[in-house]
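Contents: one structure, followed by commentary.
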Amino acid sequence: MRSVAYVTTAFPTTAMFVEADVRRLHERGVRVQVFALRSPRGREWQDEHDGLVPLTRWVGSPRIPRPGWL
């Protein structure tokens, strides 16, 4: 596998399942891109998730997408 994309409501979060999966794949050299529907503003996450933030694009609601997300 050379690349993978995740679409999720929010990322990163305080949950660990998706974050752990993204981290493991990224550490193995897989190109990972996360598309999150909700903005991280006002959200908190664990310190170890800081390295995952650069892999994330916040695209907005599918009903009202953020301009230029594609």
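Where a number appears in this text, it was derived from the coordinates with a stated rule and is not lab data. The shown structure was predicted, so the numbers you read here are calculated from the model rather than taken from an experiment. Cβ atoms come from the backbone with ideal geometry, glycine included; neighbour counts cover every protein chain shown.
Descriptive notes on the structure:
- For the pair residue 2 and residue 38, label points projected 7 Å from Cα toward Cβ lie 3.5 nm apart.
- Between the beta carbons of residue 9 and residue 30, assuming R0 = 25 Å, the FRET efficiency works out to 0.65 to the nearest 0.05.
- Modelled label positions at residue 47 and residue 17, each set 7 Å beyond Cα in the direction of Cβ, lie 2.7 nm from each other.
- Charged neighbours of residue 30, selected by a Cβ distance under 13 Å, balance to +3 (K, R count +1; D, E count -1).
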